[in-house]
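The values are calculated or read from the model by the stated rules, or taken from the named source; none is laboratory data. What you see is a predicted model; the values in this text were computed from it and never measured. When we count neighbours, we look across all protein chains shown, and the Cβ atoms used for this are built from the backbone with ideal geometry, even at glycine.
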Amino acid sequence: MEYEPKKIEPRWQEYWEKNKVYRSEEATGRPKYYVLDMFPYPSGAGLHVGHPLGYIASDIVSRYHRHKGFNVLHPMGFDAFGLPAEQYAIQTGRHPAQTTHENITRFIGQLKKLGMDYDWDRMVVTSDPQYYKWTQWLFIQLFHHWYDRKAQRARPIRELEEIFRRQGNFGYHEQLLTGNLEGIEPIFSGREWENFSSLTRASILMNYRLAYQSYAYVNWCEALGTVLANDEVKDGVSERGGHPVERRLMRQWFLRITEYADRLYDDLDALDWPESMKEMQRHWIGRSRGLLLRFPLNKQKEEAIEVFTTRPDTVFGVTFLTLAPENHLWKKITPPAYYPQVEAYCTKAIQKSERERQAEVRQVNGVFTGAFALHPFTGEAIPVWVSEYVLGGYGTGAVMGVPAHDSRDFRFARHYGLPIRQVVMPPDSAENQELTTAYEEKMGTLINSEFINGLDVLQAIEAVIREAERRGVGQQKTNYRLRDANFSRQRYWGEPFPIYYDQDGVAHTLPEDQLPLLLPPLDDFRPTGRPEGPLGKLKEWVHPAPGIRRETDTMPGFAGSSWYFFRYMDPKNQKAFAGREALEYWRQVDLYIGGTEHAVGHLLYARFFTKFLYDIGLSPVNEPFKKLLNQGMILGRSNFVYRLKESNTYVSKNLAPQYDHIRLHVDVNLVHNDVLDIEAFRKAVPDAATAEFILEDGQYICGWEVEKMSKSRLNVVNPDDVIEQYSADTLRMYEMFLGPLEQSKPWSTSGIEGIYRYLKRVAAITEKVDRSKSAPDEKENIILHKTIKAITKDLEQYSFNTCVSHLMIGLNQFYELETLHPDTLATYCVLLSPFAPHLAEEIWHYLGREGSVTHAPWPIYREEWTRDAITPYPVAINGKTRFSLELPADMSPEEVERTVLAHPMAKRWLQDRQPRKVIVVKGRIVNIVV
RNA sequence: GCCCGGGUGGUGGAACGGUAGACACGCAGGACUUAAAAUCCUGUGGCCCACAAGGCCGUACGGGUUCAAAUCCCGUUCCGGGCACCA
């Protein structure tokens with residue numbers, strides 16, 4: 001058989017689609033397996049060669065599980081709301097719905113050409129009203145629930161109202177995070193609650209809802225005209241577009257993810273995820289245990305500055321306190337003489353953009369308030385400062401300055417001449433040595449510290465916490481770096497909030513039977529620059545009835561992507577986000593494949609949503625993704641040409657150093673194995689049409705370098721082109737052959753020939769099939785069963801690159817045989833089918849098999865055919881391999897030792913020396929020690 | 001600065017502590033062909049030796065553990081990723 005991918009690939013793709021070969025259904029009695037890809041954002045650029053890496057891997061796993069008899073769910077969809085489509089709309093005036101639809105169509109076409117086994121009937125698109133109806137529904141559920149810390153789960157807000165009515169809020173009032181600011185609700189009794197106005201009640205309840213509205217400092221991006229979540233900001237600029245981000249106090253919707261911090265942290269342990277990924281989440285959550293300590297402002301102890309510290313042991317080393325500029329306490333304590341300077345400092349610091357603040361990280365600045373607080377243990381007066389190195393959004397927005405044991409405090413104290421008091425002695429250090437830097441290790445012995453003198457750090461921490469609690473000046477507390485998720489965007493292309501406000505400005509959710517609240521048509525997408533998004537321009541939509549105003553914010557990108565894995569289970573359900581039966585059947589994603597860039601954003605939000613749905617009894621699981629695999633990035637492999645300065649002459653790479661030249665990127669599609677196709681180059685680059693070329697060995701050799709894939713570097717490779725030139729099966733196998741899945745690697749087409757040749761050889765080996773053969777002979781069986789064993793083992797370990805090698809080795813060995821029994825090749829086809837499904841299907845049918853190869857059972861190897869009767873024994877003298885012997889595999893170690901020592905080569909190496917020890921590792925190696 | 005990964009031929013990469021370099025690319029030589037492409041065969045880590053036989057050196061660097069180390073431990077260095085005033 002000749003390999004004709006252009007003919008067979010479309011043919012089988014059509015066959016699979018027509019016969020619904022990959023359809024998934026619930027409750028078939030077979031075990032289920034749910035394998036998922038991180039769904040793409042359908043960008044205008046289409047798929048590039050890096051995208052499919054993870055998709056191919058999941059496709060292989062999916063197909064493998066089908067062969068093993070699992071009922072597989074392997075869906076695909078699109079994360080279709082988001083900024084790029086809207087930015088494009090602003091530039092071109094084309095509606096995002098339209099461009100998004102076009103892009104999706106293109107993506108689907110590209111994915112289908114890759115021969116993926118997706119069940120397209122289950123496709124979800126987050127911008128589809130039938131989908132976002134349920135995103136809105138979910139938001140409504142979050143709005144109507146609060147988090148009961150005692151029960152550690154979400155409960156209906158009605159139950160909280162009941163509690164308030166009966167007993168007031170005592171015990172439910174502490175440290176609620178609202179926006180970025182933590183606060184304590186004033187305590188009220190049940191009777192007081194009954195007497196509150198409905199407005200007051202609504203605003204109190206708002207502080208408890210899991211989806212709530214609050215004023216908070218947010219990341220405002222002027223250029224994009226919207227706020228951004230913390231994980232959408234990198235290095236003080238927006239992740240998309242790199243625009244500056246400033247801090248602004250705005251009224252926003254938030255999701256109270258912080259209530260789930262402990263569970264999100266603790267439940268990581270049980271997940272089968274890469275350790276690095278779990279670490280990133282742990283860092284992001286940033287749980288730390290410490291002491292909340294009060295420094296009274298006067299002897300009456302009516303008011304105090306509260307600080308949070310993870311180093312209570314250093315409390316006797318405190319020489320100053322520092323407030324964040326956002327902490328309004330300074331207004332209360334600053335004496336009039338100091339007020340103007342302090343006010344000026346705070347105003348300036350707060351207005352600084354994220355970027356400015358980051359740029360000044362190493363610089364020290366601050367201002368003395370003129371006020372003093374009292375040390376809770378010694379009663380000493382401690383000066384209070386304000387400095388922007390203290391963050392308003394973390395802890396209490398105030399720290400105790402211990403310059404001897406904190407490098408920031410040390411820098412600050414040095415700069416402003418504040419005393420430095422050492423209280424921890426490092427192990428093995430001499431006393432009275434002046435500190436030149438802060439000693440921050442949690443190791444050593446306490447000195448100058450009253451009741452904790454002589455204790456080690458860890459003991460001292462516990463002792464101080466106990467003593468602070470006993471004296472009533474503080475209590476143990478766990479703090480989190482994690483902030484509540486900003487859920488508002490002042491943009492058009494996102495889910496509208498199912499929220500309206502009454503005359504009093506109280507927020508109400510739409511009745512569920514009015515969902516979806518459709519995104520209204522609009523043709524001017526430009527941001528307003530005001531807190532109100534583009535939807536605010538639609539006066540009639542915003543005010544559908546007198547006294548009623550709709551929310552004009554829309555939801556962020558992660559709204560739809562945080563729960564899509566549930567929708568795949570039951571994508572057409574009109575009555576629920578997914579039906580009970582489907583949820584119970586598919587439960588959770590068994591394998592999730594995607595990039596590390598979603599480590600904290602998407603994966604954390606998805607876990608949060610799942611836990612919430614679990615709490616309210618809708619999800620049977622409380623973690624969405626059982627196992628997670630990261631695919632590495634596919635990097636570009638750029639090529640370069642060298643043009644002489646001031647001349648239209650290009651010089652080959654190795655001759656370039658002899659000339660004065662400049663290096664230029666050249667389109668990698670004009671280069672093969674680093675040799676420039678000069679004719680193509682002349683045609684593609686107008687300036688080069690008449691250029692001269694200085695060659696080496698008759699060729700123009702290009703330089704190369706690994707860089708990120710990007711248009712400007714001319715190193716983008718489109719999968720369509722690769723499929724056109726070779727085939728989908730080639731691309732699939734080649735991407736797997738490139739190396740371990742999780743490793744980043746450069747894309748280069750050199751090497752792809754090997755895969756293409758292999759596939760041609762697979763097709764050609766059909767010529768060796770002998771249908772008159774009564775049964776496979778032993779040689780066939782040994783090759784086949786070794787291959788089955790190796791591939792099965794490697795697949796179980798997701799080692800796809802070595803699978804491809806083993807397929808090649810098996811084929812090479814088959815070529816050494818005269819004939820093959822049809823069964824042998826059919827079985828080999830099954831092994832091949834996850835990797836090259838089109839060719840496998842073609843040969844399967846060529847051999848006259850019924851139905852799709854997809855449904856063929858995975859072969860089981862027979863152990864006795866995976867072992868050779870004779871095995872090589874390398875013999876080493878003192879660990880150095882000197883010669884090798886072929887011996888029966890089942891020979892006893894004693895006999896091996898005798899045979900080896902009797903061998904003339906052994907005699908030669910030993911000469912007259914007596915072996916001190918002989919180590920025989922059965923079936924492996926012999927080592928003679930002299 | 002801190003926390004994770006990772007350094008193996010010209011290239012991508014293999015290697016339960018057990019013959020380092022599987023498999024593939026590239027390259028060289030050969031066969032087929034008028035020729036090219038395609039295909040097939042042989043060789044291919046470095047050094048020494050005319051060849052062979054054989055030997056020596058080799059998994060970033062320096063030590064260690066072990067009969068045996070790319071693999072385990074300690075230190076150094078370089079590259080990639082994440083976090084970065086989180087008290």
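Residues in the stretch A:609-627 that are in contact with an Asp or Glu (Cβ under 9 Å, 6 or more places away or on another chain), surrounded by fewer than 22 Cβ atoms within 10 Å (Cβ to Cβ) and outside any helix (DSSP H, G or I): A:Pro620, A:Asn622, A:Glu623, A:Lys626, A:Lys627. Taken across the stretch A:866-886, residues that are surrounded by fewer than 16 Cβ atoms within 10 Å (Cβ to Cβ), touching a strand residue (DSSP E or B) at 6+ places or on another chain (Cβ under 6 Å) and of a type in the set (Asp, Glu) do occur, with at least one present. No other residue among A:Leu255, A:Leu297, A:Leu291 is among the aliphatic types (A, V, I, L, M), more than 15 Å from RNA strand B (Cβ to nearest atom) and crowded, with 22+ Cβ neighbours inside 10 Å apart from A:Leu255.
Answer yes if at least one residue in the stretch A:888-897 is at negative phi, within 14 Å of RNA strand B (Cβ to nearest atom) and part of a loop (DSSP other than H, G, I, E, B), and no otherwise. Checking the stretch A:888-897: at least one residue is at negative phi, within 14 Å of RNA strand B (Cβ to nearest atom) and part of a loop (DSSP other than H, G, I, E, B). For the stretch A:361-381, the set of residues classified as away from RNA strand B (no atom under 14 Å from the Cβ) and of a type outside the set (A, V, I, L, M) consists of A:Phe368, A:Thr369, A:Gly370, A:Phe372, A:His375, A:Pro376, A:Phe377, A:Thr378, A:Gly379, A:Glu380, listed by residue number.
Just checking, does the stretch A:178-194 include any residue being modelled with pLDDT under 90, hydroxyl-bearing (Ser, Thr, Tyr) and over 30 Å from A:Ser43 (Cα atoms)? Lay out the reasoning, then the answer.
At the first step, the residues of the stretch A:178-194 found to be modelled with pLDDT under 90 are A:178-187.
Filter once more, keeping what is hydroxyl-bearing (Ser, Thr, Tyr): A:178.
Narrowing the set further to residues that are over 30 Å from A:Ser43 (Cα atoms) leaves A:178.
Checked against the condition, which is being modelled with pLDDT under 90, hydroxyl-bearing (Ser, Thr, Tyr) and over 30 Å from A:Ser43 (Cα atoms), the stretch A:178-194 yields at least one hit.
Could you tell me whether A:Asp721 is buried (at least 18 other Cβ atoms within 10 Å of the Cβ) and either more than 13 Å from RNA strand B (Cβ to nearest atom) or within 24 Å of A:Thr824 (Cβ to Cβ) (or both)? Taking the combined requirement at face value, the residue does not satisfy it. The residues listed here are A:Leu321, A:Leu329; of these, the one that is farther than 19 Å from A:Arg421 by Cβ, buried (at least 21 other Cβ atoms within 10 Å of the Cβ) and under 40 Å from the mean Cα position of the chain (by Cα) is A:Leu329. Among the residues making up the stretch A:298-312, those that are at pLDDT 90 or above and either not assigned by TED's automatic domain parsing to the domain that holds A:Gly401 or not in a helix (DSSP H, G or I) (or both) are A:Ala304, A:Ile305, A:Glu306, A:Val307, A:Phe308, A:Thr309, A:Thr310, A:Arg311.
Screening the stretch A:640-661 for residues that are out of contact with any Leu (no Cβ under 8 Å at 6 or more places or on another chain) and assigned to a strand (DSSP E or B) and picking the one that is surrounded by the fewest Cβ atoms within 10 Å (Cβ to Cβ) gives A:Thr649.
Report yes if some residue within the stretch A:767-785 is hydroxyl-bearing (Ser, Thr, Tyr) and within 15 Å of RNA strand B (Cβ to nearest atom); otherwise report no. No, the conditions are met nowhere in the stretch A:767-785.
List every residue pair whose Cβ atoms sit under 6 Å apart, with the two residues 6 or more apart in sequence or on different chains, where the first one lies in the stretch A:793-820 and is among the hydroxyl-bearing types (Ser, Thr, Tyr) and the second, anywhere, is near RNA strand B (Cβ under 10 Å from one of its atoms) and outside any loop (DSSP other than H, G, I, E, B). So the pair list comes out as A:Thr802/A:Asp794.
Given A:Val384, A:Val399, which one is near RNA strand B (Cβ under 8 Å from one of its atoms), outside any helix (DSSP H, G or I) and in contact with a Ser or Thr (Cβ under 9 Å, 6 or more places away or on another chain)? Exactly one residue qualifies, and that residue is A:Val399.
Could you grab me the full set of residues in the stretch A:206-252 that are at positive phi, of a type in the set (Gly, Ala, Ser) and within 16 Å of RNA strand B (Cβ to nearest atom)? Break it down stepwise before answering.
Just the residues of the stretch A:206-252 that are at positive phi, to begin with: A:225, A:235-236, A:241-242.
Retained after the next criterion (residues that are of a type in the set (Gly, Ala, Ser)): A:225, A:236, A:241-242.
A:Gly236, A:Gly242 - these are the residues of the stretch A:206-252 that are at positive phi, of a type in the set (Gly, Ala, Ser) and within 16 Å of RNA strand B (Cβ to nearest atom).
Has the stretch A:506-514 got at least one residue that is surrounded by fewer than 17 Cβ atoms within 10 Å (Cβ to Cβ), on the phi > 0 side of the Ramachandran plot and in contact (Cβ under 8 Å) with a residue 12 or more places away in the chain? Among the residues of the stretch A:506-514, not one is surrounded by fewer than 17 Cβ atoms within 10 Å (Cβ to Cβ), on the phi > 0 side of the Ramachandran plot and in contact (Cβ under 8 Å) with a residue 12 or more places away in the chain, which makes the answer no.
Going through (1) in contact with a Pro (Cβ under 9 Å, 6 or more places away or on another chain); (2) surrounded by fewer than 21 Cβ atoms within 10 Å (Cβ to Cβ) one by one, A:Arg637 falls short only on (2).
Do we have A:Ile843 as over 15 Å from A:Pro859 (Cα atoms) and surrounded by 22 or more Cβ atoms within 10 Å (Cβ to Cβ) here? Against the criterion (over 15 Å from A:Pro859 (Cα atoms) and surrounded by 22 or more Cβ atoms within 10 Å (Cβ to Cβ)), A:Ile843 qualifies.
Checking A:Thr854 against (1) modelled with pLDDT of 85 or more; (2) away from RNA strand B (no atom under 13 Å from the Cβ); (3) exposed (fewer than 13 other Cβ atoms within 10 Å of the Cβ), which test does it fail? Going through the list (1) modelled with pLDDT of 85 or more; (2) away from RNA strand B (no atom under 13 Å from the Cβ); (3) exposed (fewer than 13 other Cβ atoms within 10 Å of the Cβ), A:Thr854 breaks only (3).
Residue selection: A:Ala349 fails the criterion of being in contact with a Lys or Arg (Cβ under 7 Å, 6 or more places away or on another chain), farther than 30 Å from A:Leu435 by Cα and either modelled with pLDDT under 95 or surrounded by fewer than 18 Cβ atoms within 10 Å (Cβ to Cβ) (or both).
All conditions in (1) modelled with pLDDT of 85 or more; (2) surrounded by fewer than 16 Cβ atoms within 10 Å (Cβ to Cβ); (3) charged (D, E, K, R) hold for A:Asp687, with the sole exception of (1). Residues that are buried (at least 21 other Cβ atoms within 10 Å of the Cβ) and within 17 Å of the chain's Cα centre (by Cα) were ranked within the stretch A:39-50; the one that is modelled with the lowest pLDDT is A:Gly50. One residue alone among A:Ala381, A:Ala373, A:Ala337 is surrounded by fewer than 15 Cβ atoms within 10 Å (Cβ to Cβ) and touching a Phe, Trp or Tyr at 6+ places or on another chain (Cβ under 6 Å), and that residue is A:Ala381. Against the definition (in contact (Cβ under 8 Å) with a residue 12 or more places away in the chain, more than 16 Å from RNA strand B (Cβ to nearest atom) and either under 18 Å from A:Val920 (Cβ atoms) or surrounded by 13 or more Cβ atoms within 10 Å (Cβ to Cβ) (or both)), how does A:Pro859 come out, yes or no? It is true that A:Pro859 is in contact (Cβ under 8 Å) with a residue 12 or more places away in the chain, more than 16 Å from RNA strand B (Cβ to nearest atom) and either under 18 Å from A:Val920 (Cβ atoms) or surrounded by 13 or more Cβ atoms within 10 Å (Cβ to Cβ) (or both). When every residue of the stretch A:202-223 is checked against the conditions, none turns out to be of a type in the set (D, E, K, R), closer than 22 Å to A:Gly392 by Cα and assigned to a strand (DSSP E or B).
Residues in the stretch A:523-564 that are out of contact with any Asp or Glu (no Cβ under 6 Å at 6 or more places or on another chain), among the small types (Gly, Ala, Ser) and assigned to a helix (DSSP H, G or I): A:Gly536, A:Gly557, A:Gly560.
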